[in-house]
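*Asks:* Sharing a structure below in structure tokens format, with a few things to ask.
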Amino acid sequence: MYQTWKLRLLLSGILLGTAVYALVPTFIYFSLSEAQLKEVRRDKDAFSKYLPKWSISNHIVPGLDLQGGMHMVLGVDVDKALSDKTSRTADRLRQFALEKKSAFTQIELMADGDLQTRILVRFASPNDLSHFNKAVLDQFGELVVVSQDNSSLTLQLDPRLVQSTRRDAVDQTIITIRNRVDKMGVTEPSISKRGEDQIQIQLPGYDNPDEAKSLIGRTAQLEFQMCDDTTLFLTALKDLPKDVELVTSSYHRPDGTSGKDIFLAFNENKLIEVKAFLKGKVSSENVIKYGKSGQAGLGPVMMRTYTLYKKVVLAGDDLVNTSVNMGLETDPRPGVSITFSATGARIFDELTAANIGNRMAIVLEDLVDSAPVFQTRISGGSANISMGGGRTREESIKDANQLSLVLKSGALPAPVTFREERSVGPSLGADSVKSGERAFLVGSLLVILLMIFYYRLSGFFSVVAVLMNLVFMLAALALLGATMTLPGIAGLLLTFGMAVDANVIINERIREELRRGKMPSSAVKTGYEAAFSAVIDSHVTTFIAGMVLWQYGTGPVQNFAMTLLIGTVLSIFTAVFITRIFFDMITSKGPKELSI
Amino acid sequence: MKMFRFFDPGRELNFVQYFRPSLYLAALMPIIAIVGSIVLGINWGIDFAGGMEMQIQFSKPVAAEEIRDVLEDLGFHKHQVQRYGAKDSNEMLVRVERLSTFKPEDAVRVQKVIANNMLIDTEKSVEVLFNENISDRFSVKIPAPKMPATATAEQTAEALLNQHHQLAKVLDEKSGFKLRRSKRVGEETADINNAVMHDEPKDGFVQYNIHFTGVSDKIGQILSQKFGQAEIRRVEFVDSQVSKQLRTDGILAVFYAILAILIYIAIRFDIFFSPGAVVALVQDTFGAFLVFVFGRYEFDLPSIAALLTVVGVSVINTVVVYDRIRETMPTGTKNLDDAEITHCVNKAVNDTLSRTINTTLTTLFSSVALWIFAGGAIKSFAITLTVGLSLGAFSYTFAAPATYLFLRRYFKNRPNLFASDKTQQGPTREEKARGIV
């Protein structure tokens, strides 16, 4: 087999070249200056301009412990979301029963274990109960009967609904938090679900834990403000910045007249310029807010202004729930139904009465989402926002879903608590990088020296193989866009130490064969073959330990496990395949001695 | 060319004479570890104990005793303060166990402050709610603003907002708790009003949730005032619920790893070998665990990783020695006498000795380099690994082959009891090797 060493050398040369190619972006990333790094963190695409044209862009990302930043785990109180939902359903049930004139003595919440997730309905007579069953309960598909006797009925939410409520509570919280984090100016944040009711947030480079906590943990900033469509101040403005357009469009009022919507439209990247331009030009009772206009996803994002009255008429605290409907009897267009709290309902009632035909802006986290027109006075605490015309039904439903989500995500659907919080300052991160590098250099140098001292030329072969193993490992990590933490460096170094082990086993074996008087070429052959099973066994066991760590571990531990796993797999290849090439290369000439 | 070697290959050292004492030692390890951890307790790290840990760097030397006094004044009676890193770095590690700075007596004070400053007739109508596990929040329930029946919803809402602002101001100025200042999106200045949130009024009462500045901020502020510049370089906080979960997961992880590896060994070798792997593994893992019992190092998440690595390495090396024993044993003869078996085992250990030393050295170089240079967060990780790897060198040389030898001797007349001797069946090693190399 040793005749093929040239081919195998070529093959491993190609592999090494590929690995080095894959490492180019990582190398460039780690040699960026502080200022460049900041720029790259802010805008992911900016990195590509530092790369040569032929390069890929995946690179190893320094972990929080190396570049500083925050790691948080939020617990979402899904049980609270569930008992809230039960309580609202009970309210609706009560109201509906009164409307249908179905007699009952009491509707109250009941505990199931620690949670108030059951509804107990009491009746004066069995007749009332059966009437209630027919007239009321049939309309409440989301409720199932838990138990029943002559004078009472115990209900609870359908298990499927319970499931989705829990899931939605977490998903909505994630959306809200993502919105907020986006506005904090943090780059490459990672927000993900962990387990059933936990959310993991990572903010690289962010070092103000208290501010982050208060921004993320607070309740929503959903606000409703009336649009001022009477002022014409925008039309009076002169010298609009370049590429900023004054647009006038009209909308229908329920009384047949039409209102005028006057605004400035511009590209997203002009926002700061427009803000500066408008500063000081707005009257004291108005405020200018901004929103996206046009379709999302097509071309550059267009923004527009909204001229609003300063007063916040309603806030997110007053909104209880939203849902998408596929059109009502009175209006076939899809829309979003909103339920307000008692206070909210009263304010909304007064507001709509005074403002029929005017527009109300829905402002989420200071960005105007949309501004529907009041078509009628709305009493009773629930409102319906119909999706505008000019869109297909399918698109309207999509819009409705989006709006419902926006409205909902305004309010954190369930209380959150901080379960875990770790923050590392940037100076500590820099220190860790330095000490990690030093540990790696010293450790690997010692290993290299020992191998060359003990096994001479063969030891040198092993060192080449182990170094190649390291390059392959880093390349694999870079291709995966993996994170590198301090435990990750430990994993690299440890794998470096253990990858030599395979070579030690093989070299020892070859020595033995030589001692028995074999010629170098046949000693190498039998040495490799005899050592193979031990090499495989040892790698499989490390792999098993790594797998368990990967399964169980979080964050840094998982990082350690990942380097261990990748290293183990690659080390079989380098120890058995690569070193063999070198041995075959020198034994192919049929020497009498081997430096081992 | 001369080869360098630690031992002359021609000479066979007698390892078997130390087999019996080595087994006593192996048995002693878990006993010492378990008794030690019961008597001395384990220094649980923040991951498993819960609580808050801060790494603080001062501009000038500060005595741990002074910091302890400050913590004591703040009401943290369970705390740990220790020097961290190099002596001239002026870094301290501060750990506090009880998370809330809000104590029952504070509740009484807050109640008084609110009643006196918010025009509420009686303290009894002010209710203060708090949870000692929540670090930076408490709630108060006070009567909602009284409104005439004719008031519009807007007026009611406005009255509520006024009460909200008044409450925030009163608490921030007079309660002794600084409210968190935060900006709303789009606002220029930070404001205390965002630290207070109110619920919907119910039965004439309204509940306010108040966020005050967190524990780490408070400690940082006070230390800065006292000792000059104090930079908080790292904060870790783990909720007791999470720490409990991490602890269970950790124990399970070690258990599953050991189980999976043993199953692999049982399949790969015959049943005489498995118990020895367990003995070696137990010796190494518990031995490494002694670091936490007697070294008082913190037992945290990376420690579990270190222990699992020790488990992995321990098994690897046992396997290599076993592989050699299996090979050295003459095949086909079922009834070997004691002397023959003993000789084979001893020879196998001798043959693998050079490899054992080399491998242990290379891995030790790595772990010691981590210990000395990387320090910090992975110091206990590196130390555990170093101890585990060093102990390992002995368990593969003594305890593991010893267990095999004694078992084999004991069952030598009944070899059919465990019939699966792999060396007699299946493809030979050479065949297997050829298939892959």
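Read-outs: derived from the displayed coordinates by stated rules, not from any lab. Bear in mind that the values here come from a model prediction, so they are computed numbers and not experimental data. Ideal geometry is used to build each Cβ from the backbone, glycine not excepted, and the neighbour counts take in all protein chains shown.
*Asks:* From Cα coordinates alone, what are the radius of gyration and Dmax values for the stretch A:461-501 in angstrom?
*Replies:* 10.5, 30
*Asks:* Just to verify a number: FRET efficiency for B:Lys146 and A:Val301, C-beta to C-beta distance, R0 = 51 Å, to 0.05? All intermediate terms of the calculation are to be shown ahead of the outcome.
*Replies:* Details: r = 49 Å, r/R0 = 0.96.
My answer for the efficiency is 0.55.
*Asks:* Cα-based Rg (one decimal) and Dmax (whole number) for the stretch A:511-596, in Å?
*Replies:* According to the Cα coordinates of the stretch A:511-596, Rg and Dmax are 17.4, 54 Å.
*Asks:* A further question on this structure: Taking each residue of A:430-437 in turn, how many C-beta atoms of other protein chains fall within 10 Å of its C-beta, and what is the average? Walk me through the numbers before you get to the answer.
*Replies:* On the way: counts 0, 5, 6, 0, 2, 9, 7, 2.
Across the residues of A:430-437, the mean count of other-chain Cβ atoms within 10 Å is 4.
*Asks:* For chain A, restrict the atom set to alpha-carbon positions and state the Rg and Dmax in Å.
*Replies:* When restricted to the Cα atoms of chain A, Rg and Dmax are 33.9, 108 Å.
*Asks:* Give me D for the stretch B:59-111 in µm² s⁻¹, whole number, from Stokes-Einstein with Rh from the Kirkwood sum over alpha-carbon pairs, 20 °C and 1.002 mPa s.
*Replies:* Numbers: Rh = 12.6 Å.
This corresponds to a translational diffusion coefficient of 170 µm²/s.
*Asks:* Another one. What is the spread of the Cα atoms of the stretch B:273-325 along each of their three principal axes, largest first, in whole Å?
*Replies:* 39, 17, 13
*Asks:* On a full-extension model of 0.36 nm per residue, what is the gain between A:Thr248 and A:Ser337, subtracting their alpha-carbon distance, rounded to one decimal in nm?
*Replies:* Values: separation 89, 0.36 × 89 = 32.04 nm, distance 2.92 nm.
Here the segment from A:Thr248 to A:Ser337 would lengthen by 29.1 nm.
*Asks:* Specify, per residue and in Å³, the volume enclosed by the convex hull of the alpha carbon atoms belonging to the stretch B:5-110. If you can, show how the numbers build up before the last one.
*Replies:* Details: hull volume 21.5 nm³, N = 106.
With only Cα atoms used, the stretch B:5-110 gives 202 Å³ per residue.
*Asks:* Which percent of Cα pairs goes in each bin when the distances of the stretch B:277-367 are cut into 10 angstrom slices starting at zero?
*Replies:* 14, 36, 28, 15, 6, 0
*Asks:* Run the quick spin-label model on A:Ser164 and B:His165: label points 7 Å from Cα toward the beta carbon, then report their separation in nm to one decimal.
*Replies:* Here the modelled spin labels are 4.3 nm apart.
*Asks:* At 7 Å along Cα-to-Cβ for each site, give me the label-to-label distance between A:Val312 and B:Ile32 in nm.
*Replies:* 6.5
*Asks:* Hey, for a label at B:Asp203 modelled as a point 7 Å past Cα toward Cβ, could you say which residues of the stretch A:335-355 have their backbone N under 19 Å away?
*Replies:* A:342-343
*Asks:* Starting with the highest mean, order A:380-387, A:149-156, B:361-368 by the number of other Cβ atoms within 10 Å, averaged over the residues of each peptide. Provide the component values of the computation, followed by the final result.
*Replies:* On the way: A:380-387: 19.4, A:149-156: 15.9, B:361-368: 25.0.
Highest mean packing first, the order is B:361-368, A:380-387, A:149-156.
*Asks:* Please give the FRET efficiency for B:Glu123 paired with A:Gln36, using the beta carbon to beta carbon distance and R0 = 56 Å, rounded to the nearest 0.05.
*Replies:* On the way: r = 60 Å, r/R0 = 1.07.
Efficiency, from the Cβ-Cβ distance: 0.40.
*Asks:* Cα-based Rg of the protein assembly as shown per 2.2 N^0.38 Å, rounded to two decimals? Walk me through the numbers before you get to the answer.
*Replies:* Numbers: Rg = 35.8 Å, N = 1033, 2.2 N^0.38 = 30.7 Å.
It is 1.16.
*Asks:* Can you give the FRET efficiency to the nearest 0.05 for A:Lys592 and A:Leu467, using r as the Cβ-Cβ distance and R₀ = 35 Å?
*Replies:* Numbers: r = 29 Å, r/R0 = 0.84.
The pair A:Lys592/A:Leu467 has a calculated efficiency of 0.75.
*Asks:* When the distances between all Cα atoms of the stretch A:425-469 are binned every 10 Å from zero, what whole-number percent does each bin get?
*Replies:* Once binned at 10 Å, the Cα pair distances of the stretch A:425-469 give 27, 35, 21, 14, 3.
*Asks:* I need to check one value: relative contact order of chain A, counting alpha carbon pairs closer than 8 Å and at least 6 residues apart, in percent.
*Replies:* Details: 973 pairs, mean separation 103.8, N = 596.
The normalised contact order for chain A reaches 17 percent.
*Asks:* Could you work out [θ]222 nm for chain A from helices alone, using -39500 (n - 2.57) per DSSP H run of at least four and dividing by all its residues? Round to the nearest 500 deg cm²/dmol. Before the final figure, lay out the partial values.
*Replies:* On the way: 16 runs with 292 residues, N = 596.
The helix-only estimate for chain A comes to -16500 deg cm²/dmol at 222 nm.
*Asks:* Something else about it: How many Cβ atoms of partner chains, on average, are near each residue of B:309-321 if near means within 10 Å of its Cβ? All intermediate terms of the calculation are to be shown ahead of the outcome.
*Replies:* Working: counts 11, 1, 5, 13, 8, 2, 7, 11, 4, 3, 7, 10, 1.
Mean partner-chain Cβ count within 10 Å for B:309-321: 6.
*Asks:* What whole number of Å gives the distance from the Cα centroid of the stretch A:40-75 to the Cα centroid of the stretch A:519-550?
*Replies:* After rounding, the separation between the Cα centres reads 37 Å.
*Asks:* Shifting gears a bit: Listed highest first by mean packing, meaning other Cβ atoms within 10 Å per residue, what order do B:295-307, B:16-28, A:73-85 come in? Write down the numbers at each step before the final one.
*Replies:* Values: B:295-307: 23.8, B:16-28: 15.5, A:73-85: 20.8.
Packing proxy ranking, top to bottom: B:295-307, A:73-85, B:16-28.
*Asks:* Bin all alpha-carbon pair distances of the stretch A:79-162 at 5 Å intervals from 0 and give each bin's fraction as a whole percent.
*Replies:* Pair shares across the bins are 3, 16, 29, 27, 15, 8, 2.
*Asks:* If you don't mind, there's one more thing I want to ask. Ranked highest first by average number of other Cβ atoms within 10 Å, how do A:445-458, A:476-489 line up?
*Replies:* Numbers: A:445-458: 18.6, A:476-489: 22.4.
Those peptides, ordered most packed to least, come out A:476-489, A:445-458.
*Asks:* Does the stretch A:147-289 come out rounded, prolate or oblate by the C-alpha gyration tensor, with a ≥ b ≥ c the root eigenvalues, rounded set by a/c under 1.5 and, if not, prolate when a/b is larger than b/c and oblate if not?
*Replies:* Details: a/c = 3.28, a/b = 1.52, b/c = 2.16.
Oblate is the answer for the stretch A:147-289, as a/c is 1.5 or above yet b/c matches or exceeds a/b.
*Asks:* Please average, across the residues of B:259-269, the number of beta carbons from any other chain that are within 10 Å of each residue's own beta carbon, and give a whole number.
*Replies:* On the way: counts 2, 5, 6, 1, 1, 5, 3, 0, 0, 5, 1.
The per-residue average across the peptide is 3.
*Asks:* Another question, if that's okay. Expected output is a single nm value to one decimal: the length gained when fully extending between A:Thr230 and A:Ser258, i.e. 0.36 nm times separation in residues minus the C-alpha distance. What is it?
*Replies:* On the way: separation 28, 0.36 × 28 = 10.08 nm, distance 1.23 nm.
Length gained between A:Thr230 and A:Ser258: 8.9 nm.
*Asks:* Greater than 30 Å separation of Cα atoms is the criterion. Which listed pairs, A:Lys193/A:Lys292; A:Lys275/B:Lys178; A:Lys279/A:Lys311, meet it? Please report the intermediate quantities before stating the final value.
*Replies:* Numbers: A:Lys193/A:Lys292 28 Å; A:Lys275/B:Lys178 34 Å; A:Lys279/A:Lys311 19 Å.
Over 30 Å Cα-Cα: A:Lys275/B:Lys178.
*Asks:* Considering only C-alpha atoms, what is the centroid distance from the stretch A:230-277 to the stretch B:44-88, in Å?
*Replies:* Computed from Cα coordinates, the inter-centre distance equals 58 Å.
*Asks:* Here's something else I'd like to know. Roughly speaking, what is the stretch gain from A:Met519 to A:Glu395, that is 0.36 nm per residue apart minus the C-alpha to C-alpha distance, in nm to one decimal? Please list the in-between numbers first.
*Replies:* Values: separation 124, 0.36 × 124 = 44.64 nm, distance 7.86 nm.
Here the answer is 36.8 nm.
*Asks:* Cut-off under 12 Å on the C-alpha distance; same-chain residues fewer than 8 positions from B:Lys169 excluded. Which aspartates and glutamates are left, in chain and number order?
*Replies:* B:Asp191
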